[in-house]
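Q: Below is the structure I would like to discuss, written out as structure tokens.
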Amino acid sequence: MSLGVTEITLILIVVILLFGGKRIPELARSLGRAKAEFEKAKNAIKKETDEIKESIQEEIDAAASKSETKEYEPSDESNNQPV
């Protein structure tokens with residue numbers, strides 16, 4: 001469902017009647033600022049989540065390398081036998 005020329009024209013006429021010609025540029029600036037602020041916040045959240053993912057991955061890699069380098073120590077089997 002897309003808007004045709006008639007629908008867009010009707011919407012513009014209603015907006016002009018509701019807000020007046022002088023307030024439309026002000027509303028457009030406000031919408032532009034709001035969009036820019038939203039994008040800024042979205043990028044900040046994305047950056048933070050990427051940093052957290054990297055931190056978790058580093059911890060996982062460190063734990064994996066630790067467990068690979070840990071030497072196997074056989075248990076003392078004499079303690080496990082019943083008396």
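Please treat every number below as a calculation from the coordinates, not as lab data. Keep in mind the model is a prediction, meaning the values are calculated, not measured. Using ideal geometry, Cβ is built from the backbone for each residue, glycine included, and neighbour counts are taken over all protein chains shown.
Q: If a/c stays under 1.5 just call it rounded; otherwise compare a/b with b/c (prolate if a/b is bigger, oblate if not). Do that for region 18-60, with a ≥ b ≥ c from the square roots of the Cα gyration tensor eigenvalues. Don't skip to the answer; put the middle values down first.
A: Working: a/c = 11.54, a/b = 7.28, b/c = 1.58.
Prolate, since a/c reaches 1.5 and a/b exceeds b/c.
Q: Let me ask another. What ranking of Val15, Val5 emerges when the number of other C-beta atoms within 10 Å of each C-beta is taken as an exposure proxy, fewest first?
A: Details: Val15 14, Val5 7.
Fewest-to-most Cβ neighbours within 10 Å comes out as Val5, Val15.
Q: For Glu51 and Thr6, calculate 0.36 nm times their separation in residues minus their Cα-Cα distance, and state this gained length in nm to one decimal. It would help to have the intermediate numbers written out before the result.
A: On the way: separation 45, 0.36 × 45 = 16.20 nm, distance 4.81 nm.
Residue separation times 0.36 nm, minus the Cα-Cα distance, leaves 11.4 nm.
Q: Return the FRET efficiency for the residue pair Ala62, Arg29: r is the Cβ-Cβ distance, R0 is 41 Å, and the value is rounded to the nearest 0.05. Before the final figure, lay out each step's value.
A: Details: r = 50 Å, r/R0 = 1.21.
According to the calculation, E is roughly 0.25.
Q: May I pose another question? If the cut-off is 23 Å between C-alpha atoms, which lysines fall inside it for Lys35, apart from same-chain ones fewer than 8 positions away?
A: Excluding near neighbours in sequence, the set is Lys22, Lys46, Lys47.
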